[in-house]
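Have a look at the structure below, then the notes.
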Amino acid sequence: MLKARGDSGCCDRCAGATGMADAARVARRRLFKDAVFGLTPDIAADPGPLSREADGLPRAVTGTVLDVSPHVLVIGDPHGPGSVQRFTLTAEATTWRGAATEPTGLHQGDQVVVRLDPAQRDVADRIWANIGRVTGTIVEHGRDYMVVDEGAIRRRQIIRIPPQAAGRIQVRFPTLQPGYLIDVIGLRHEDHLEGLIPATSQPAYPADRLPEPPLISGHVPDAISGSATWHEPATGEPPGVLGAYYPALDPETGCVEDTIAGYPRGYARMPYLAIGSALLVRNDCNSAACVLPVTGCAAVARLFNDRCVTCGTSPRGRVADLTQASFVALGGELDKGCFNATISIGR
């Protein structure tokens with residue numbers, strides 16, 4: 001069986017990275033603990049004056065399917081019976097499991113992200129099963145697989161594209177060769193992603209030849225617009241945590257992707273921030289907004305100067321890489337990959 005090359009920890013792949021990553025790792029661990037145990041179930045941070053609109057946002061929950069019927073979905077941890085949750089399925093509930101399907105198409109053991117009706121917190125509105133995403137630079141392309149580097153703090157991923165999806169993906173990613181960027185959504189398997197949907201269009205340049213961003217005079221604006229994407233939980237990141245990876249962490253905070261991996265500054269003009277900073281993230285397609293903590297690096301996001309076209313056309317550049325729960329709570333559709341977004345820095 002083919003194995004992805006590269007280790008899961010940056011300290012194993014980058015000499016001398018251990019000390020530099022400690023501060024960021026500790027800060028993320030504290031944020032994750034607060035998100036799981038210490039904050040409200042609806043939003044991961046007190047919205048405060050920046051985000052009065054956060055009230056009433058839909059809640060996103062994650063878990064393993066234990067049982068499903070035409071009217072009820074039961075999820076939880078099969079090894080932790082105290083965490084079982086039951087949700088009502090209405091006729092309007094929709095499900096994605098590689099393609100649109102009925103909720104009864106779910107299987108026991110499926111890993112799901114569920115968006116709840118904001119007015120009825122025991123009613124499931126939208127369900128995504130076994131959804132995964134690989135975003136990064138192609139480092140190896142074989143006959144029926146690709147190995148993709150997602151950055152220094154994530155292990156390399158394998159993508160397999162079935163014949164029925166190949167045409168759709170290659171229309172938007174015509175250059176499936178080492179050195180070029182790829183961003184694909186599909187079904188997560190134990191050792192690979194079954195690539196089904198192109199999450200964006202492929203930039204025309206290799207990853208190491210990012211075009212120079214446009215020159216802008218004056219200070220970086222308080223509000224920055226672009227696209228917001230989502231990522232699968234990283235190692236040590238609890239499922240369901242609310243937060244955002246940021247494309248321009250201050251190198252002094254210990255983000256190894258800034259100081260060792262050699263990624264360029266990025267296309268979108270953004271100020272440096274530290275782990276734990278507060279971001280007001282606004283979905284420009286539905287005006288939903290909430291304050292999220294910065295929980296990690298999004299260096300790979302900086303390599304893309306693409307636009308999101310979920311509603312109109314966003315400015316170029318990715319401004320936030322959200323956790324699945326954050327993306328869904330703000331009204332994003334995981335199978336669409338992005339939404340047009342504006343971020344503001346918390347004061």
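The values are calculated or read from the model by the stated rules, or taken from the named source; none is laboratory data. Computed from a predicted structure; not experimentally measured. Quick reminder, even Gly has a Cβ in these numbers, built from the backbone with ideal geometry, and neighbours come from all protein chains shown.
Observations
- Consider region 305-338 and keep the residues that are of a type in the set (A, V, I, L, M) and part of a strand (DSSP E or B). The one that is nearest to I185 (Cα to Cα) is L322.
Residue-by-condition table, conditions (1) modelled with pLDDT of 90 or more; (2) touching a His at 6+ places or on another chain (Cβ under 9 Å); (3) under 30 Å from S83 (Cβ atoms):
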{"site": "L242", "(1), (2), (3)": "yes, no, yes"}
{"site": "Y246", "(1), (2), (3)": "yes, no, no"}
{"site": "D258", "(1), (2), (3)": "no, no, no"}
{"site": "N283", "(1), (2), (3)": "yes, no, yes"}
{"site": "P293", "(1), (2), (3)": "yes, no, yes"}
{"site": "L322", "(1), (2), (3)": "yes, yes, yes"}
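Table: residues versus (1) outside any helix (DSSP H, G or I); (2) over 30 Å from V72 (Cα atoms).
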position: E140; (1), (2): yes, yes
position: V147; (1), (2): yes, yes
position: R168; (1), (2): no, yes
position: Q177; (1), (2): yes, yes
position: I185; (1), (2): yes, no
position: P203; (1), (2): yes, yes
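- The lone criterion from (1) buried (at least 21 other Cβ atoms within 10 Å of the Cβ); (2) assigned to a loop (DSSP other than H, G, I, E, B); (3) not aromatic (F, W, Y) left unmet by P221 is number (1).
- Of all residues in region 224-235, those that are within 17 Å of F339 (Cβ to Cβ) have Cβ atoms under 6 Å from Cβ atoms of residues that are assigned to a strand (DSSP E or B) and among the small types (G, A, S), 6 or more apart or on another chain, in A228/A320; A228/A341.
- Hits in region 81-116 - residues which are over 21 Å from L330 (Cβ atoms) and small (G, A, S): G82, S83, A91, G98, A99, A100, G105, G109
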